[in-house]
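Colleague: Mind having a look at this structure? Questions to follow.
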Amino acid sequence: MLVTNGGKQAVYEAFQTVVDEGDDVLLPAPYWTTYPEAIRLAGGNPIEVFAGADQEYKVTPEQLEAAYTENTKALLFCSPSNPTGSVYSDEETKAVGEWAASKGIFVISDEIYQHLTYDGVEFTSIAQAAPELHDHLILLNGVAKTYAMTGWRVGWMVGPKDVIKAAANLQSHLSSNVNNVAQRAALAALNGPMDQVSAMREAFDRRRRVIVDGLNAIDGVVCPTPTGAFYAYPDVTALLGREFDGVTPQTSAELAEMILERAEVAVVPGEAFGPSGYLRLSYALGDDDLAEGLSRLQKVLGAK
Ligand SMILES: Cc1ncc(COP(=O)(O)O)c(C=O)c1O
(Lines give C-alpha, C1' and ligand atoms only; values in the text may rest on other atoms or scores of the structure.)
Protein backbone atom coordinates (compact mmCIF):
# COMPACT_ATOMS: atom_id res chain seq x y z
CA MET A 1 0.00 0.00 0.00
CA LEU A 2 1.16 3.53 -0.77
CA VAL A 3 -0.15 6.69 0.93
CA THR A 4 -0.58 9.49 -1.58
CA ASN A 5 -1.34 13.20 -1.58
CA GLY A 6 -5.06 12.70 -2.10
CA GLY A 7 -6.88 10.20 -4.26
CA LYS A 8 -5.86 12.27 -7.24
CA GLN A 9 -2.17 11.46 -6.85
CA ALA A 10 -3.10 7.79 -6.55
CA VAL A 11 -5.02 8.04 -9.85
CA TYR A 12 -2.05 9.70 -11.54
CA GLU A 13 0.50 7.23 -10.21
CA ALA A 14 -1.62 4.18 -11.02
CA PHE A 15 -1.72 5.14 -14.70
CA GLN A 16 1.95 6.19 -14.73
CA THR A 17 2.86 2.79 -13.36
CA VAL A 18 0.87 0.44 -15.60
CA VAL A 19 0.36 2.39 -18.82
CA ASP A 20 3.06 2.65 -21.50
CA GLU A 21 3.20 4.95 -24.51
CA GLY A 22 0.47 3.98 -26.98
CA ASP A 23 -1.51 1.68 -24.63
CA ASP A 24 -5.30 1.88 -24.69
CA VAL A 25 -7.24 2.26 -21.46
CA LEU A 26 -10.96 1.45 -21.41
CA LEU A 27 -12.79 4.33 -19.78
CA PRO A 28 -16.49 3.91 -18.99
CA ALA A 29 -18.25 7.18 -19.76
CA PRO A 30 -19.56 9.43 -18.28
CA TYR A 31 -16.23 9.53 -16.43
CA TRP A 32 -14.61 11.77 -13.83
CA THR A 33 -12.76 14.54 -15.70
CA THR A 34 -9.32 13.69 -14.32
CA TYR A 35 -9.16 10.13 -15.68
CA PRO A 36 -8.61 10.86 -19.40
CA GLU A 37 -6.00 13.48 -18.54
CA ALA A 38 -4.15 11.12 -16.18
CA ILE A 39 -4.24 8.43 -18.90
CA ARG A 40 -2.84 10.86 -21.50
CA LEU A 41 -0.16 12.09 -19.09
CA ALA A 42 1.01 8.47 -18.94
CA GLY A 43 1.14 8.29 -22.76
CA GLY A 44 -2.04 6.21 -23.03
CA ASN A 45 -5.20 6.61 -25.10
CA PRO A 46 -8.50 6.80 -23.22
CA ILE A 47 -11.06 4.64 -25.07
CA GLU A 48 -14.51 5.80 -24.02
CA VAL A 49 -17.23 3.20 -23.53
CA PHE A 50 -20.50 5.07 -23.10
CA ALA A 51 -23.56 4.01 -21.11
CA GLY A 52 -26.59 6.34 -21.05
CA ALA A 53 -29.38 7.00 -18.59
CA ASP A 54 -31.29 3.96 -19.91
CA GLN A 55 -28.44 1.78 -18.51
CA GLU A 56 -28.17 3.89 -15.35
CA TYR A 57 -24.81 4.89 -16.81
CA LYS A 58 -23.30 1.44 -16.17
CA VAL A 59 -21.33 -0.38 -18.87
CA THR A 60 -21.67 -4.10 -19.55
CA PRO A 61 -18.95 -6.68 -20.29
CA GLU A 62 -20.40 -6.90 -23.83
CA GLN A 63 -19.69 -3.21 -24.38
CA LEU A 64 -16.19 -3.59 -22.94
CA GLU A 65 -15.59 -6.61 -25.18
CA ALA A 66 -16.62 -4.58 -28.25
CA ALA A 67 -14.10 -1.85 -27.33
CA TYR A 68 -11.29 -4.27 -26.44
CA THR A 69 -8.26 -4.63 -28.75
CA GLU A 70 -4.80 -6.12 -28.36
CA ASN A 71 -3.60 -2.63 -27.34
CA THR A 72 -5.91 -2.60 -24.29
CA LYS A 73 -3.80 -2.45 -21.15
CA ALA A 74 -6.23 -1.48 -18.44
CA LEU A 75 -9.80 -0.69 -17.45
CA LEU A 76 -10.82 2.15 -15.17
CA PHE A 77 -13.68 1.22 -12.85
CA CYS A 78 -15.43 3.71 -10.57
CA SER A 79 -18.37 2.66 -8.39
CA PRO A 80 -20.04 4.60 -6.80
CA SER A 81 -19.43 6.92 -9.70
CA ASN A 82 -18.49 10.51 -10.03
CA PRO A 83 -20.23 12.01 -12.05
CA THR A 84 -23.33 9.78 -12.29
CA GLY A 85 -23.86 8.51 -8.74
CA SER A 86 -24.43 5.01 -10.16
CA VAL A 87 -23.42 1.97 -8.14
CA TYR A 88 -22.68 -1.37 -9.82
CA SER A 89 -24.46 -4.26 -8.11
CA ASP A 90 -22.62 -7.27 -6.77
CA GLU A 91 -23.39 -9.25 -9.96
CA GLU A 92 -22.51 -6.37 -12.27
CA THR A 93 -19.20 -5.82 -10.49
CA LYS A 94 -18.44 -9.52 -10.65
CA ALA A 95 -19.26 -9.64 -14.37
CA VAL A 96 -16.95 -6.71 -15.16
CA GLY A 97 -14.18 -8.09 -12.95
CA GLU A 98 -14.39 -11.58 -14.44
CA TRP A 99 -14.35 -10.16 -17.95
CA ALA A 100 -11.21 -8.10 -17.20
CA ALA A 101 -9.53 -11.09 -15.54
CA SER A 102 -10.25 -13.21 -18.63
CA LYS A 103 -8.36 -10.63 -20.72
CA GLY A 104 -5.42 -10.30 -18.33
CA ILE A 105 -5.68 -6.51 -18.26
CA PHE A 106 -5.20 -4.26 -15.24
CA VAL A 107 -8.22 -2.88 -13.42
CA ILE A 108 -7.81 0.43 -11.66
CA SER A 109 -10.75 0.65 -9.28
CA ASP A 110 -11.52 4.00 -7.67
CA GLU A 111 -13.44 3.28 -4.44
CA ILE A 112 -13.36 6.76 -2.96
CA TYR A 113 -17.19 6.93 -2.62
CA GLN A 114 -17.51 3.44 -1.09
CA HIS A 115 -19.25 4.62 2.08
CA LEU A 116 -21.77 6.86 0.34
CA THR A 117 -24.56 4.58 -0.87
CA TYR A 118 -28.34 4.83 -0.39
CA ASP A 119 -31.62 2.91 -0.68
CA GLY A 120 -30.03 -0.15 0.92
CA VAL A 121 -27.64 -0.50 -2.02
CA GLU A 122 -24.37 -1.98 -0.84
CA PHE A 123 -20.96 -1.18 -2.19
CA THR A 124 -19.10 -4.21 -3.55
CA SER A 125 -15.37 -4.04 -4.00
CA ILE A 126 -14.25 -5.61 -7.27
CA ALA A 127 -11.46 -7.17 -5.18
CA GLN A 128 -14.06 -9.36 -3.47
CA ALA A 129 -16.36 -9.79 -6.46
CA ALA A 130 -13.58 -11.07 -8.73
CA PRO A 131 -10.69 -12.42 -6.61
CA GLU A 132 -9.04 -13.80 -9.76
CA LEU A 133 -8.12 -10.20 -10.63
CA HIS A 134 -5.75 -10.11 -7.66
CA ASP A 135 -2.44 -9.73 -9.58
CA HIS A 136 -3.88 -7.09 -11.89
CA LEU A 137 -5.93 -4.97 -9.53
CA ILE A 138 -5.14 -1.53 -8.14
CA LEU A 139 -7.54 -0.08 -5.58
CA LEU A 140 -7.67 3.69 -5.07
CA ASN A 141 -9.18 5.44 -2.09
CA GLY A 142 -8.94 8.48 0.18
CA VAL A 143 -10.45 10.44 3.05
CA ALA A 144 -11.86 13.32 0.96
CA LYS A 145 -15.42 12.04 0.50
CA THR A 146 -16.22 9.69 3.41
CA TYR A 147 -14.85 12.04 6.06
CA ALA A 148 -15.29 15.33 4.17
CA MET A 149 -11.50 15.80 4.50
CA THR A 150 -10.77 17.03 0.98
CA GLY A 151 -8.24 19.65 2.06
CA TRP A 152 -6.15 17.19 4.10
CA ARG A 153 -4.86 15.58 0.90
CA VAL A 154 -4.64 11.97 1.96
CA GLY A 155 -5.34 9.06 -0.35
CA TRP A 156 -3.86 5.64 -0.97
CA MET A 157 -3.41 2.88 -3.46
CA VAL A 158 -3.33 -0.85 -2.87
CA GLY A 159 -2.10 -3.33 -5.44
CA PRO A 160 0.46 -5.92 -6.52
CA LYS A 161 3.89 -5.49 -4.89
CA ASP A 162 5.74 -4.53 -8.10
CA VAL A 163 3.11 -1.91 -8.99
CA ILE A 164 3.23 -0.34 -5.53
CA LYS A 165 7.02 -0.39 -5.55
CA ALA A 166 7.14 1.39 -8.91
CA ALA A 167 4.57 3.96 -7.78
CA ALA A 168 6.50 4.54 -4.54
CA ASN A 169 9.71 5.10 -6.52
CA LEU A 170 7.94 7.64 -8.72
CA GLN A 171 6.39 9.41 -5.74
CA SER A 172 9.69 9.53 -3.86
CA HIS A 173 11.10 11.75 -6.63
CA LEU A 174 7.89 13.69 -7.11
CA SER A 175 6.50 14.73 -3.73
CA SER A 176 7.84 12.20 -1.21
CA ASN A 177 5.62 11.28 1.71
CA VAL A 178 2.32 12.87 2.67
CA ASN A 179 2.85 15.31 5.53
CA ASN A 180 2.72 13.52 8.86
CA VAL A 181 0.09 15.75 10.46
CA ALA A 182 -2.35 14.95 7.66
CA GLN A 183 -1.53 11.23 7.91
CA ARG A 184 -2.25 11.31 11.67
CA ALA A 185 -5.57 13.07 11.00
CA ALA A 186 -6.47 10.48 8.36
CA LEU A 187 -5.63 7.64 10.75
CA ALA A 188 -7.88 9.18 13.40
CA ALA A 189 -10.71 9.36 10.85
CA LEU A 190 -10.21 5.78 9.65
CA ASN A 191 -9.98 4.32 13.16
CA GLY A 192 -12.62 6.54 14.72
CA PRO A 193 -16.39 6.09 15.05
CA MET A 194 -18.57 6.27 11.95
CA ASP A 195 -21.51 8.16 13.53
CA GLN A 196 -20.62 11.45 11.83
CA VAL A 197 -20.38 9.65 8.50
CA SER A 198 -23.84 8.12 9.06
CA ALA A 199 -25.28 11.52 9.93
CA MET A 200 -23.75 13.02 6.78
CA ARG A 201 -25.03 10.14 4.66
CA GLU A 202 -28.55 10.68 6.01
CA ALA A 203 -28.37 14.36 5.07
CA PHE A 204 -27.10 13.44 1.58
CA ASP A 205 -29.87 10.89 1.22
CA ARG A 206 -32.53 13.52 2.02
CA ARG A 207 -31.01 15.99 -0.44
CA ARG A 208 -30.68 13.28 -3.08
CA ARG A 209 -34.44 12.66 -3.04
CA VAL A 210 -35.14 16.39 -3.19
CA ILE A 211 -32.83 16.98 -6.15
CA VAL A 212 -34.06 13.97 -8.15
CA ASP A 213 -37.72 14.95 -7.63
CA GLY A 214 -36.97 18.60 -8.40
CA LEU A 215 -35.10 17.75 -11.62
CA ASN A 216 -37.68 15.25 -12.85
CA ALA A 217 -40.36 17.92 -12.31
CA ILE A 218 -38.74 19.94 -15.11
CA ASP A 219 -40.27 19.39 -18.53
CA GLY A 220 -37.83 17.34 -20.68
CA VAL A 221 -35.41 16.35 -17.92
CA VAL A 222 -34.87 12.64 -17.20
CA CYS A 223 -32.91 11.98 -14.02
CA PRO A 224 -32.27 8.38 -12.95
CA THR A 225 -32.13 7.99 -9.16
CA PRO A 226 -28.46 7.79 -8.19
CA THR A 227 -27.72 5.33 -5.38
CA GLY A 228 -24.23 6.56 -4.49
CA ALA A 229 -21.82 9.52 -4.18
CA PHE A 230 -23.44 13.00 -4.06
CA TYR A 231 -24.26 13.85 -7.65
CA ALA A 232 -27.35 13.79 -9.86
CA TYR A 233 -26.76 13.30 -13.57
CA PRO A 234 -29.88 14.18 -15.57
CA ASP A 235 -30.26 13.53 -19.29
CA VAL A 236 -31.25 16.88 -20.81
CA THR A 237 -31.14 15.94 -24.51
CA ALA A 238 -34.84 16.85 -24.84
CA LEU A 239 -34.05 20.46 -23.87
CA LEU A 240 -31.46 20.94 -26.61
CA GLY A 241 -32.79 22.79 -29.65
CA ARG A 242 -35.68 24.16 -27.57
CA GLU A 243 -36.14 27.93 -27.33
CA PHE A 244 -36.01 29.57 -23.89
CA ASP A 245 -36.97 33.23 -24.17
CA GLY A 246 -34.79 34.04 -27.19
CA VAL A 247 -31.98 31.54 -26.50
CA THR A 248 -31.83 28.06 -28.08
CA PRO A 249 -29.09 25.92 -26.48
CA GLN A 250 -27.80 23.25 -28.88
CA THR A 251 -25.42 21.57 -26.43
CA SER A 252 -25.39 20.92 -22.69
CA ALA A 253 -22.45 23.38 -22.45
CA GLU A 254 -24.69 26.12 -23.89
CA LEU A 255 -27.53 25.04 -21.62
CA ALA A 256 -25.24 25.19 -18.56
CA GLU A 257 -24.15 28.69 -19.56
CA MET A 258 -27.76 29.85 -19.92
CA ILE A 259 -28.60 28.35 -16.52
CA LEU A 260 -25.63 30.14 -14.96
CA GLU A 261 -26.63 33.48 -16.45
CA ARG A 262 -30.38 33.28 -15.86
CA ALA A 263 -30.72 31.19 -12.68
CA GLU A 264 -27.29 31.89 -11.22
CA VAL A 265 -26.97 28.18 -10.55
CA ALA A 266 -23.69 26.43 -11.40
CA VAL A 267 -24.08 23.05 -13.09
CA VAL A 268 -21.36 21.16 -14.95
CA PRO A 269 -22.20 20.20 -18.55
CA GLY A 270 -21.85 16.61 -19.79
CA GLU A 271 -19.01 17.70 -22.08
CA ALA A 272 -16.71 17.65 -19.02
CA PHE A 273 -17.45 13.94 -18.51
CA GLY A 274 -18.04 12.57 -22.01
CA PRO A 275 -20.86 13.24 -24.48
CA SER A 276 -23.01 16.37 -24.53
CA GLY A 277 -26.63 16.11 -23.41
CA TYR A 278 -26.21 15.80 -19.65
CA LEU A 279 -25.65 17.96 -16.58
CA ARG A 280 -23.95 17.12 -13.32
CA LEU A 281 -25.37 18.67 -10.18
CA SER A 282 -23.82 18.22 -6.77
CA TYR A 283 -26.17 17.94 -3.81
CA ALA A 284 -23.38 18.38 -1.25
CA LEU A 285 -24.85 21.69 -0.09
CA GLY A 286 -27.35 22.96 2.49
CA ASP A 287 -31.07 22.09 2.24
CA ASP A 288 -32.16 25.71 1.80
CA ASP A 289 -29.66 26.46 -0.96
CA LEU A 290 -30.67 23.25 -2.69
CA ALA A 291 -34.39 24.15 -2.60
CA GLU A 292 -33.66 27.66 -3.84
CA GLY A 293 -31.46 26.36 -6.70
CA LEU A 294 -34.09 23.87 -7.82
CA SER A 295 -36.86 26.45 -7.80
CA ARG A 296 -34.70 28.77 -9.93
CA LEU A 297 -33.98 25.94 -12.38
CA GLN A 298 -37.69 25.16 -12.65
CA LYS A 299 -38.44 28.83 -13.30
CA VAL A 300 -35.85 29.14 -16.07
CA LEU A 301 -36.45 25.75 -17.72
CA GLY A 302 -40.17 25.32 -17.08
CA ALA A 303 -41.88 22.87 -14.74
CA LYS A 304 -43.97 20.01 -16.17
C1 LIG B 1 -13.96 9.62 -8.38
C2 LIG B 1 -12.95 10.45 -7.66
N3 LIG B 1 -11.75 9.93 -7.41
C4 LIG B 1 -10.80 10.62 -6.76
C5 LIG B 1 -11.02 11.92 -6.35
C6 LIG B 1 -9.87 12.61 -5.70
O7 LIG B 1 -10.08 13.11 -4.48
P8 LIG B 1 -8.88 13.73 -3.60
O9 LIG B 1 -7.71 13.92 -4.52
O10 LIG B 1 -9.43 15.02 -3.11
O11 LIG B 1 -8.62 12.73 -2.53
C12 LIG B 1 -12.27 12.52 -6.61
C13 LIG B 1 -12.52 13.92 -6.22
O14 LIG B 1 -13.38 14.59 -6.74
C15 LIG B 1 -13.26 11.76 -7.27
O16 LIG B 1 -14.46 12.28 -7.52
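The values are calculated or read from the model by the stated rules, or taken from the named source; none is laboratory data. Please read all numbers here as calculations on a predicted model, not as lab measurements. So basically every Cβ, Gly included, is an ideal-geometry build from the backbone, and we count neighbours across all protein chains shown. These area figures cover heavy atoms from the full protein model, side chains too; ligands, DNA and RNA do not enter into them. Shrake-Rupley method; radii C 1.70, N 1.55, O 1.52, S 1.80 Å.
Colleague: Let me check against my output: what whole-number percent is the relative contact order of the chain, with C-alpha pairs under 8 Å and at least 6 apart? Provide the component values of the computation, followed by the final result.
Modeller: Values: 604 pairs, mean separation 57.1, N = 304.
The normalised contact order for the chain reaches 19 percent.
Colleague: Please arrange His115, His173 by accessible surface area, largest first, computed with a 1.4 Å probe and ligands excluded.
Modeller: Details: His115 65, His173 165 Å².
Most to least solvent-accessible, the answer reads His173, His115.
Colleague: While we're on this one: Find the centroid of the Cα atoms in the range 232-261 and in the range 70-118, then give the distance between the two in whole Å.
Modeller: When both Cα centres are located, 31 Å separates them.
Colleague: Could you work out the relative contact order of the range 196-301? I mean the mean sequence separation of Cα pairs under 8 Å and 6+ apart, divided by the number of residues, in percent. Working shown, then result.
Modeller: Details: 161 pairs, mean separation 28.6, N = 106.
Reported relative contact order: 27 percent.
Colleague: I'd like the accessible area for Tyr88: 1.4 Å probe, protein heavy atoms, all chains in place, Å² to the nearest 10.
Modeller: Near enough 10 Å² of accessible area.
Colleague: Give the distance, in whole Å, between the Cα centre of the range 11-25 and the Cα centre of the range 165-196.
Modeller: Their Cα centres are 22 Å away from one another.
Colleague: Report, in listed order, any pair from Lys8/Lys165; Lys58/Lys299; Lys58/Lys165; Lys103/Lys145; Lys145/Lys165; Lys8/Lys145 with a Cα-Cα distance greater than 21 Å. Before the final figure, lay out each step's value.
Modeller: Working: Lys8/Lys165 18 Å; Lys58/Lys299 31 Å; Lys58/Lys165 32 Å; Lys103/Lys145 32 Å; Lys145/Lys165 26 Å; Lys8/Lys145 12 Å.
The pairs that break the limit, which is 21 Å between Cα atoms, are Lys58/Lys299; Lys58/Lys165; Lys103/Lys145; Lys145/Lys165.
Colleague: Add +1 for every Lys or Arg and -1 for every Asp or Glu among the other residues with Cβ under 13 Å from the Cβ of Glu254, and state the total. Intermediate results must be reported in sequence, preceding the final value.
Modeller: Numbers: positive: Arg242, Arg262; negative: Glu243, Glu257, Glu261, Glu271.
Every neighbour counted, the sum reads -2.
Colleague: Additional query: Express in Å², to the nearest 10, the accessible area of Trp152 obtained by rolling a 1.4 Å probe over the protein heavy atoms while all chains stay in place.
Modeller: Taking all protein chains as shown, Trp152 has close to 110 Å².
Colleague: What is the range 1-47's relative contact order, in percent, from Cα pairs under 8 angstrom and six or more apart in sequence?
Modeller: Working: 48 pairs, mean separation 19.9, N = 47.
Relative contact order for the range 1-47 comes out at 42 percent.
Colleague: Compute the long axis of helix 195-216 from its Cα atoms, compare it with the longest principal axis of the Cα atoms of the chain, and write down the angle in degrees, 0 to 90, nearest 10.
Modeller: For helix 195-216, the angle is close to 40 degrees.
Colleague: Expressed as a whole percentage, what fraction of the accessible surface of the range 2-191 belongs to carbon and sulfur atoms when a 1.4 Å probe is rolled over the protein heavy atoms?
Modeller: Numbers: 4050 of 8070 Å².
Ligands and nucleic acids excluded, carbon and sulfur give 50 percent.
Colleague: Run the 1.4 Å probe and let me know the accessible area of Ser176, rounded to the nearest 10 Å².
Modeller: Surface accessible to solvent at Ser176 totals approximately 60 Å².
Colleague: Sticking with this one: Ordering Thr227, Thr33 from largest to smallest accessible area (1.4 angstrom probe), what's the sequence? Before the final figure, lay out each step's value.
Modeller: Values: Thr227 30, Thr33 60 Å².
Ranking Thr227, Thr33 by accessible area, largest first, yields Thr33, Thr227.
Colleague: Hey, what's the chain come to in accessible area per residue, 1.4 Å probe, Å²?
Modeller: Values: 13490 Å² over 304 residues.
Here the per-residue accessible area is 44 Å².
Colleague: Please arrange Val268, Val181 by accessible surface area, largest first, computed with a 1.4 Å probe and ligands excluded. Write out the running numbers ahead of the final one.
Modeller: On the way: Val268 50, Val181 105 Å².
Highest to lowest solvent-accessible surface, that is Val181, Val268.
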